[in-house]
Structures are given as C-alpha cells and as structure tokens.
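Here's the structure, in structure tokens; my notes come after.
Since every read-out is calculated from the coordinates, none of them should be taken as a lab result. Quantities reported herein were computed from a predicted structural model and do not represent experimental measurements. Using ideal geometry, Cβ is built from the backbone for each residue, glycine included, and neighbour counts are taken over all protein chains shown.
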Amino acid sequence: MKKLAIAMSLLLGVTTGCKKYEEGPAFSLRTKKSRVANTWKIDKAYSDGEDVTDSYDQYELYMSKDGDAELVAIYSFGNFTGEFETQGTWKFEDSKETLVLDFQDDDADESYQILKLKNDELWLREEGEEVELQLVPR
C-alpha cells in the first residue's frame with residue numbers, strides 16, 4: 001500500500017508539473033511522435049481571432065511516425081474539382097515545441113508552434129503569424 005501511495009504521489013507530481021504545450025495535455029503515455037502520426041483535417045482555423053475555417057477546410061495532412069508527410073487539398077469551383085498534392089517530411093524542433101513541414105512544393109513549407117498535442121487533437125500556431133489551426137483525425 002505504501003508503494004502505491006508513493007507511485008500515485010509521483011504520478012500526480014508529473015501530471016501537474018510537466019505541461020509542455022499551452023493547451024495540453026499535462027501528461028500522456030503516448031510519445032509525441034506517435035500522437036503526431038495521423039491523417040489530420042482542419043476542424044477550426046482562426047486568423048487574428050477571426051474564424052476563417054472556410055478558407056482551410058479543403059486541406060488534409062498525413063504524417064507518419066517515420067517523418068513522411070503528404071498534404072492534399074481539394075478545390076471546387078462550380079462543376080470543376082481540382083486536387084493539389086505534395087509529398088514531404090515533418091520533424092520536431094525547439095525541444096519538440098515546433099513542428100516543421102518541408103514539402104516538395106516549397107509554397108507549402110511552414111513551421112508551427114504546437115499549442116496542443118493529443119491523439120485526437122493537434123493545435124498549431126503558424127510561426128510569425130496569427131493563424132491558429134485546430135486539427136482532428138480524418
């Protein structure tokens with residue numbers, strides 16, 4: 001019983017003192033790399049606090065555990081539907097507080113501050129901008 005109490009005290013100390021990202025989580029048993037690895041879609045997008053989700057809802061981002069990335073965007077103009085796709089890589093920087101995307105199409109390259117990194121939520125803030133993206137699994 002004494003060992004359980006010590007373990008619970010240590011766990012409580014870890015969960016209250018190790019919050020890496022602004023929005024959490026405070027504690028996770030999954031690695032950051034395994035939480036990033038997913039196919040993500042943009043659920044909400046904000047620019048300077050204004051909801052601009054409609055400008056981002058066509059994007060889908062795939063990131064694998066080994067660092068591969070793929071960005072797909074599907075655009076519709078009346079009866080015409082076009083698709084943009086680019087391959088690349090992702091990596092962490094700044095003690096895993098920044099997510100860097102590097103694509104073949106350099107126009108899609110970007111660095112993001114990670115605000116929240118959970119298995120089912122990824123919140124990012126574009127470096128040097130006031131654009132915040134809230135992603136959820138597809």
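Here are some notes:
- Inter-site label distance for ILE74 and GLU50 at 7 Å from Cα along Cβ, in nm: 2.8
- Relative packing of 54-64, 79-89, 115-125, 100-110, which averages over residues the other C-beta atoms within 10 Å, highest first: 115-125, 54-64, 100-110, 79-89
- Multiplying the residue separation of SER111 and GLU22 by 0.36 nm and removing their Cα-Cα distance gives an extension gain of 30.4 nm.
- Percent RCO, i.e. relative contact order, over region 30-137, from Cα pairs under 8 Å lying at least 6 residues apart: 26
- Note on region 30-137: lysine pairs with Cα distance below 12 Å, sequence gap of 8 or more or different chains, count 11.
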